[in-house]
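Asks: Take this structure, written in structure tokens, and hold onto it; I'll ask about it next.
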Amino acid sequence: MSFTATKFAPSPLPLNSTIPRSNDKPLSFSFDHFKPHPSSSFLGSTRTLLRFGALARPHARTRSSSPVSAVLLQQTSNLLVTKEEGLELYEDMILGRFFEDKCAEMYYRGKMFGFVHLYNGQEAVSTGFIKLLKKEDSVVSTYRDHVHALSKGVPSRQVMSELFGKATGCCRGQGGSMHMFSKEHNLLGGFAFIGEGIPVATGAAFTNKYKREVLNQADADHVTLAFFGDGTCNNGQFFECLNMAALWKLPIVFVVENNLWAIGMSHLRATSDPQIYKKGPAFGMPGVHVDGMDVLKVREVAKEAIQRARRGEGPTLVECETYRFRGHSLADPDELRDPAEKEHYAGRDPIAALKKYLFENNLANEQELKAIEKKIDEVLEDAVEFADNSPLPPRSQLLENVFADPKGFGIGPDGSYRCEDPKFTQGTAHV
Amino acid sequence: MSADPKVFLMGEEVGEYQGAYKISKGLLEKYGPERVLDTPITEAGFAGIGVGAAYYGLRPVVEFMTFNFSMQAIDHIINSAAKSNYMSAGQISVPIVFRGPNGAAAGVGAQHSQCYASWYGACPGLKVLTPYSSEDARGLLKAAIRDPDPVVFLENELLYGESFPVTAEALDSSFCLPIGKAKIEREGKDVTITAYSKMVGYALKAAETLAKEGISAEVINLRSIRPLDRSTINNSVRKTNRLVTVEEGFPQHGVGAEICTSVIEESFGYLDAPVERIAGADVPMPYAANLERMAVPQVEDIVRAAKRACYRSVPLAAAA
Ligand SMILES: Cc1ncc(C[n+]2csc(CCOP(=O)(O)OP(=O)(O)O)c2C)c(N)n1
Ligand SMILES: [Mg+2]
């Protein structure tokens with residue numbers, strides 16, 4: 001019996017025979033036929049990656065791919081975004097990147113604590129998907145949730161303040177880095193346990209169907225996005241929800257952010273068939289693989305998946321192949337990832353790729369992008385100052401929000417509700 | 001592991017990463033990937049696999065990266081591990097150890113900061129151990145692995161970073177501790193303080209403070225939550241006539257409640273003061289550091305409670 005990594009490495013699967021995108025129909029997916037289409041060859045998975053041995057994607061093509069934008073460029077008549085859209089995407093990605101860099105700085109300065117998981121490198125996924133949503137649509141995230149919150153519109157001030165543990169945070173300092181919630185923005189968490197968010201997201205999608213079919217709200221067309229990682233796709237809750245979502249045709253998109261690693265566990269060492277998107281068709285929904293380092297490609301796929309959900313045609317599984325540029329959390333020594341692998345992906349920075357596209361298509365010039373970066377710098381300076389100057393949660397907050405109705409604390413020895421005791425709100429460690 | 005080839009370790013990041021908290025450092029190198037298995041993130045799956053292996057006499061040590069995540073495997077811990085010996089009328093025993101860090105860490109919020117001692121302590125068929133010192137960890141873990149029944153072994157993340165003096169006896173390869181036996185960490189005559197895991201250290205600090213004020217506290221390190229060493233606790237209370245229970249977990253239906261009942265049942269006549277219970281606040285753990293501090297017991301809380309028990313301070317009026 002051997003459990004060595006080599007034995008676990010997948011045997012080469014037949015290369016996916018889907019037609020490489022042609023110039024006239026670059027991004028077509030057979031959503032309707034539920035056919036798995038690894039629409040991108042995930043450029044990182046080409047020759048270079050094959051050198052990493054274990055990391056070679058089974059469906060990697062051996063030809064060397066041109067950069068994303070080059071493929072897209074060939075159809076200049078058919079630009080993927082307008083100038084406004086391009087700038088919006090750029091701004092959102094810069095916000096995500098700079099926010100996380102600021103978090104690292106503040107963590108090392110002792111302003112935030114605990115486990116802080118940063119999103120650097122994965123911005124194209126959050127931006128590519130969430131910027132297509134309406135405010136009423138829901139997002140369910142994991143412990144790596146700051147940037148999803150920002151993309152969904154939760155103000156930087158509120159997210160930063162939450163991280164500082166201040167009363168002005170989006171959860172008044174009660175949630176913290178791994179538990180961002182905002183009812184106003186339909187951000188439903190912030191789940192720190194693997195897989196946990198997926199059923200909750202599926203429940204949010206279920207609600208929409210219920211509203212439409214039981215409560216007769218014919219216009220209910222809200223979509224839920226569930227974000228989670230490659231490692232999470234080995235957890236039962238993922239499979240259980242793929243089944244129910246397809247069974248009941250729920251308006252949800254399962255967005256896998258496959259950054260190839262789950263802390264120090266390589267995806268290929270953890271998963272019998274590492275092509276996650278293939279699990280969609282197994283449950284009767286489309287599974288799509290997309291280059292998660294290219295915001296425009298992500299957006300293209302996201303658009304179709306979200307529209308499909310909105311039209312009531314059911315769920316989609318999207319595997320975005322991406323990479324995190326930092327350790328798992330700020331406490332992770334990050335010793336197991338090959339420096340060459342990191343360097344390789346650093347070269348595929350999604351922000352640089354979008355920038356290049358915008359330039360090459362005359363959608364933006366250097367000054368415009370610089371102006372955005374400057375604006376975000378200012379937004380974040382302001383957010384930090386706001387968080388720093390905000391008050392700590394008062395002692396009286398300790399026992400608040402445990403129940404929607406504080407009578408849940410029960411009746412005291414004197415026969416009245418404990419929450420009505422004037423001392424109650426002072427909160428002590430021994431209630 | 002060197003003594004028994006049937007013992008193996010499985011869990012997330014226990015191998016190549018050397019343990020999320022580096023607890024299994026060196027084990028992969030020493031025992032190889034057949035006995036130190038990195039699993040996918042599937043607690044329900046690998047805990048159940050551990051139980052199945054234990055059915056056939058292997059001795060799995062299943063690590064939860066933290067005990068919080070054992071909630072995804074609790075069906076197997078309780079239904080498959082704890083009840084099989086009974087349901088099969090003794091035909092199938094389950095010699096398995098579930099271990100990992102338990103209790104509040106720092107700054108990680110509600111989902112990652114919780115004590116499972118009373119949760120698992122409530123289940124027939126389980127043994128629940130809570131080491132405090134290095135000696136405890138070594139002696140109790142060996143006992144747990146050798147035990148024919150399922151053991152829940154609750155370590156503490158914040159104690160991982162602490163070092164303890166170790167005796168030559170504890171280093172001896174034959175060293176092992178009995179399950180179900182508490183340890184008197186510090187003898188005293190005025191008040192008994194029971195604690196487990198990290199709270200033992202707090203209780204000892206409180207005892208030092210109390211000593212300066214002329215109160216001699218006896219500190220009991222429970223070591224085992226289930227079975228509970230009722231005898232050591234009651235003998236101590238019969239001597240000191242006062243009791244303070246300390247735990248990090250939630251107060252209601254907690255370890256302190258069980259200890260209190262035992263003392264009321266067996267030593268009621270010896271009590272000179274109401275039993276004081278120190279526990280975590282009855283709220284999910286807040287993230288903000290100032291609230292977090294208020295939500296977990298502090299040394300001062302123990303000192304105050306001991307003084308109340310000894311009538312050295314005014315009783316807490318209508319504790320909120
Ligand atoms: C149930 C459960 N088990 C273990 C963990 C510890 N843990 C936190 S993140 C993580 C890895 C997750 O990897 P992946 O799903 O790929 O997401 P990524 O961190 O790469 O974004 C693990 C094992 C957890 N949070 N929940
Ligand atoms: Mg991952």
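Asks: Take every Cα pair under 8 Å in chain B that's 6+ residues apart, average their separations, divide by the length, and report that relative contact order as a whole percent.
Replies: Details: 678 pairs, mean separation 43.4, N = 320.
Here the relative contact order equals 14 percent.
Asks: Determine, from the Cβ-Cβ distance of B:D272 and B:L171 and an R0 of 60 Å, the FRET efficiency 1/(1 + (r/R0)^6), rounded to the nearest 0.05. It would help to have the intermediate numbers written out before the result.
Replies: On the way: r = 42 Å, r/R0 = 0.69.
Calculated transfer efficiency: 0.90.
Asks: Hull surface divided by four, with the convex hull built on the Cα atoms of the protein assembly as shown: how many nm²?
Replies: Approximately 35.1 nm², given one-decimal rounding.
Asks: Please work out the Cα center distance from region B:1-44 to region B:119-139, rounded to the nearest Å.
Replies: Centre-to-centre (Cα) distance: 20 Å.
Asks: Another question, then. Using θ = phi - 60° and the Karplus form 6.51 cos²θ - 1.76 cosθ + 1.60, what ³J(HN,Hα) does each residue of region B:56-70 get, whole Hz, x for Gly and Pro?
Replies: 9, x, 6, 10, x, 10, 9, 9, 9, 3, 9, 5, 3, 6, 5
Asks: Looking at chain B from every direction and averaging, what is the projected area of its Cα convex hull in nm²?
Replies: Details: hull surface 67.0 nm².
Mean projected area for chain B: 16.7 nm², to one decimal.
Asks: Related question: Over region B:7-171, what is the percentage of antiparallel beta bridges among all DSSP beta bridges, to the nearest 5? The partial results should precede the final answer.
Replies: Numbers: 1 of 21 bridges.
If I count the DSSP bridges inside region B:7-171, around 5 percent turn out antiparallel.
Asks: Using only Cα atoms and rounding to the nearest 10 degrees, what angle (0 to 90) does helix B:134-146 make with the longest principal axis of chain B?
Replies: 50 degrees
Asks: Please work out the Cα center distance from region B:236-261 to region A:265-309, rounded to the nearest Å.
Replies: 53 Å
Asks: Just the number, please: Stokes-Einstein D of region B:160-224 in µm²/s, Kirkwood Rh from C-alpha pairs, 25 °C, 0.890 mPa s.
Replies: This corresponds to a translational diffusion coefficient of 188 µm²/s.
Asks: With axes computed from alpha carbons, what is the tilt in degrees of helix B:43-55 against the longest principal axis of chain B, rounded to the nearest 10 within 0 to 90?
Replies: Between helix and principal axis, roughly 70 degrees.
Asks: Another one. Calculate the spin-label point distance for B:I92 paired with A:K211, positioning each point 7 Å from the Cα along the beta-carbon direction, and give it in nanometres.
Replies: 4.7 nm
Asks: May I pose another question? On a 0 to 90 degree scale, rounded to 10, what angle separates helix B:255-267 from the longest Cα axis of chain B?
Replies: The angle comes out near 60 degrees.
Asks: Could you tell me which of rounded, prolate or oblate describes region B:7-171, using a ≥ b ≥ c as the square roots of the eigenvalues of the alpha-carbon gyration tensor, with rounded for a/c under 1.5 and, failing that, prolate when a/b is larger than b/c and oblate otherwise? It would help to have the intermediate numbers written out before the result.
Replies: Numbers: a/c = 1.33, a/b = 1.26, b/c = 1.05.
Judged from the Cα gyration tensor, region B:7-171 comes out rounded (a/c under 1.5).
Asks: Given R₀ = 25 Å, what would the calculated FRET efficiency be for A:E313 paired with A:E240, taking r from the Cβ atoms and rounding to 0.05?
Replies: Once rounded, the FRET efficiency stands at 0.75.
Asks: About the Cα centre, and with charges only on the beta carbon of Lys, Arg (+1) and Asp, Glu (-1), how big is the dipole of region B:183-311? Nearest 20 debye, please.
Replies: Numbers: 17 positive and 18 negative charges, 46 e Å.
Charge dipole of region B:183-311: 220 debye, to the nearest 20.
Asks: Okay, next question. Across the residues of B:101-108, average count of Cβ atoms on other protein chains within 10 Å?
Replies: That average works out to 3.
Asks: Across the residues of A:251-261, average count of Cβ atoms on other protein chains within 10 Å? Show your work: numbers first, answer last.
Replies: Working: counts 0, 0, 0, 0, 0, 0, 0, 0, 0, 0, 0.
So the per-residue partner count for this stretch is 0.
Asks: Give the lysines reachable from A:K407 as a straight Cα distance under 28 Å; neighbours fewer than 8 places away on the same chain don't count.
Replies: A:K166, A:K183, A:K423
Asks: A follow-up question, please. How far apart, in nm, are the 7 Å Cα→Cβ label points at A:E378 and B:Q298?
Replies: My value for the distance between the label points is 4.2 nm.
Asks: Between their Cα atoms, which of B:K6/B:K127; B:K198/B:K239; A:K249/A:K356; A:K131/A:K278; A:K303/A:K355; A:K355/A:K375 are more than 28 Å away from each other?
Replies: Numbers: B:K6/B:K127 20 Å; B:K198/B:K239 25 Å; A:K249/A:K356 39 Å; A:K131/A:K278 26 Å; A:K303/A:K355 21 Å; A:K355/A:K375 17 Å.
Over 28 Å apart, Cα to Cα: A:K249/A:K356.
Asks: Across region B:168-176, in residue order, what do the Karplus-derived ³J(HN,Hα) couplings come to in whole Hz, using 6.51 cos²θ - 1.76 cosθ + 1.60 with θ = phi - 60° and x for Gly and Pro?
Replies: Once θ is set to phi - 60°, the couplings for region B:168-176 become 4, 4, 5, 7, 4, 5, 8, 5, 7 Hz.
Asks: Hey, another quick one. Ranked highest first by average number of other Cβ atoms within 10 Å, how do A:141-151, B:14-24 line up?
Replies: Numbers: A:141-151: 27.7, B:14-24: 20.6.
Sorting A:141-151, B:14-24 by mean packing, highest first, produces A:141-151, B:14-24.
Asks: Would you please state the base-10 log of I(q)/I(0) at q = 0.10, 0.12 1/Å for region B:183-311, with intensities from the Debye formula using one equal scatterer on every alpha carbon?
Replies: The Cα Debye sum returns log10 ratios of -0.27, -0.40.
Asks: OK, next. Assuming R0 = 25 Å, what is the FRET efficiency of A:K249 and A:E85, from their Cβ-Cβ distance, to the nearest 0.05? Could you put the intermediate results ahead of the total?
Replies: Values: r = 30 Å, r/R0 = 1.19.
That pair, A:K249 with A:E85, gives E of 0.25.
Asks: May I pose another question? How far is it, in nm, from the label point at B:S231 to the one at B:K83 when both lie 7 Å from their Cα along the line to the Cβ?
Replies: Roughly 3.2 nm, to one decimal.
Asks: Continuing with this model, one more query. Once phi is turned into ³J(HN,Hα) by the Karplus curve 6.51 cos²θ - 1.76 cosθ + 1.60 with θ = phi - 60°, what whole-Hz value does each residue of region A:78-84 show in order, with x for glycine and proline?
Replies: Computed from phi, the couplings for region A:78-84 are 10, 5, 7, 9, 7, 4, 4 Hz.
Asks: Distance between Cα centroids, region A:88-165 to region A:210-246: provide it in whole Å.
Replies: 23 Å
Asks: Let me ask you something else. Restricted to Cα positions, what overall size does region A:288-431 have along the principal axes? Three whole-Å values, descending.
Replies: 74, 44, 37
Asks: Return an integer: the convex hull volume of the alpha-carbon atoms of region A:257-350, in Å³ per residue. Could the numbers behind the result be given before it?
Replies: On the way: hull volume 9.8 nm³, N = 94.
Measuring per residue, one finds 104 Å³ for the Cα hull of region A:257-350.
Asks: For chain B, with a Gaussian network of springs between Cα atoms less than 10 Å apart, report the residue from B:E162, B:E187, B:E292 with the top mean-square fluctuation.
Replies: Fluctuation is largest for B:E162.
Asks: What's the average, rounded to a whole number, of partner chain beta-carbon atoms within 10 Å of each residue's beta-carbon in B:10-19? Each step should come with its number before you reach the end.
Replies: Values: counts 1, 0, 7, 6, 0, 5, 7, 8, 4, 1.
Average neighbour count from other chains, rounded to a whole number: 4.
Asks: What does the extension gain come out to for A:E400 and A:N78, with contour length at 0.36 nm per residue minus their alpha carbon separation? List each step's numbers first, then the result.
Replies: Details: separation 322, 0.36 × 322 = 115.92 nm, distance 5.42 nm.
Net length gain for the segment: 110.5 nm.
Since every read-out is calculated from the coordinates, none of them should be taken as a lab result. Note that the structure is a prediction, hence the values are computed from the model and not measured. Counting neighbours? That spans all protein chains shown, and the Cβs are built from the backbone with ideal geometry, glycine included.
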